[in-house]
Amino acid sequence: MRLARYFLLAGLVIAVIIIAASCHQTAHKTKKSIVVTYSILGSIVQELADGRADVTVSIPNGLDPHEWEPSAKGIETVNNADLIIQNGLGLEAGMEKCLKSARDKGVNIFTASDYIEIRHVGPGEGIPTGDPDQIIGAADPHLWTDPLMIKDIVQALVPVLKKKLGIDVADRAASLSTRLDELNVRIADAVSLIPDENRKIVTGHESMGYFAKRYGFKLTGVIIPSLSSQAAASAADLAALKEAIATNNVKAVFSELGTSPALARTVGNETGARVVELNTHALPLDRSYFTYERELADTIVKALK
Ligand SMILES: [Zn+2]
């Protein structure tokens, strides 16, 4: 009889453990999932959600967002998201079909560029007419190079995360906004070391427009005359670029993800401008947006001051 009571008690203890474990599992499964298309925006969303939602990034960090296409598994992840956060303005060109199909299936999509002041390609930026992606007036997707655009996106996400996912991130948004303001001041201070006559930017493709606008640089030319790294440069484009570099006495050419190293070298050799690697589209080792943006500014200051 005593033995039976012992087994009954042991059974009860095991049952309680099993129920507790399964409750824990259920709680884990009910966490909402956010899929962000690219890593730089993903790191900000990760900091904003702070564990209150699962955040996944589609385009692996370090791969070119202008060309990346999802695998079958990548498409499944997008379709199963509670919320998709995309950049928009054609950045995720290789994901467009997959994102459209997710939208058609009823998945919530937040488009970051809907909440910022969009920059358009202006005259004299080294962009010829013709290709719709290159014409003057085309919308520039590289919004993340300006920390105050990221701040606008953070603030726009607060009510969306509350309404669509039921998570409150107002406290996190407030502290992130303060840090983004501080980052902006730090960059403005750092670039003030660059003399006015050196504030000219030549990059691999036209990726630094928001940064240039915020911190007072002139976009003087690009190796690939496009908002996407996936276009090509003609001989006439290259001749015009070399002339722009010489006329404007440009000190450095910034080579980036998707730029042909040989082409950058040729431009550097023929103009005397220094070729400098600039990380414009990927997170650094610590996966922090703040480190990314500080390094971006520091590389420019070092090359042009
Ligand atoms: Zn780009």
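Each reported figure results from applying straightforward, stated rules to the coordinates on display, with no laboratory input. As the structure is a computational prediction, the values presented were derived from the model and not from experiment. All Cβ positions, even for glycine, are placed from backbone atoms using ideal geometry, and neighbour counts span all protein chains on display.
Scanning region 230-260 for residues that are buried (at least 18 other Cβ atoms within 10 Å of the Cβ), under 21 Å from the mean Cα position of the chain (by Cα) and in a loop (DSSP other than H, G, I, E, B) gives ALA231, GLU256, LEU257, GLY258, THR259. Being farther than 11 Å from ILE116 by Cα, free of Cβ contacts under 8 Å to residues at least 40 places away in the same chain and assigned to a helix (DSSP H, G or I) is the filter here; which residues of region 134-167 pass it? Matches in region 134-167: VAL158, PRO159, LYS162, LYS163.
Here ALA173 meets the list (1) among the aliphatic types (A, V, I, L, M); (2) more than 16 Å from the ligand (Cβ to nearest atom); (3) assigned to a loop (DSSP other than H, G, I, E, B) almost entirely, failing just condition (3).
Among the residues making up region 217-229, a single one is assigned to a strand (DSSP E or B) and either closer than 12 Å to ALA264 by Cβ or free of Cβ contacts under 8 Å to residues at least 12 places away in the same chain (or both): VAL222. Between LEU227, LEU263, the distinction of being under 19 Å from the mean Cα position of the chain (by Cα) and either within 16 Å of the ligand (Cβ to nearest atom) or farther than 16 Å from PRO123 by Cα (or both) belongs to LEU227 only. Checking each residue in region 56-95 for being farther than 16 Å from ILE34 by Cα, within 16 Å of the ligand (Cβ to nearest atom) and polar (S, T, N, Q) picks out only ASN61. Only a single item in (1) out of contact with any strand residue (DSSP E or B) (no Cβ under 9 Å at 6 or more places or on another chain); (2) buried (at least 21 other Cβ atoms within 10 Å of the Cβ) is not met by LEU278, and it is number (1). The selection criterion, being touching a residue at least 24 places away in the same chain (Cβ under 8 Å) and assigned to a helix (DSSP H, G or I), holds for ALA264.
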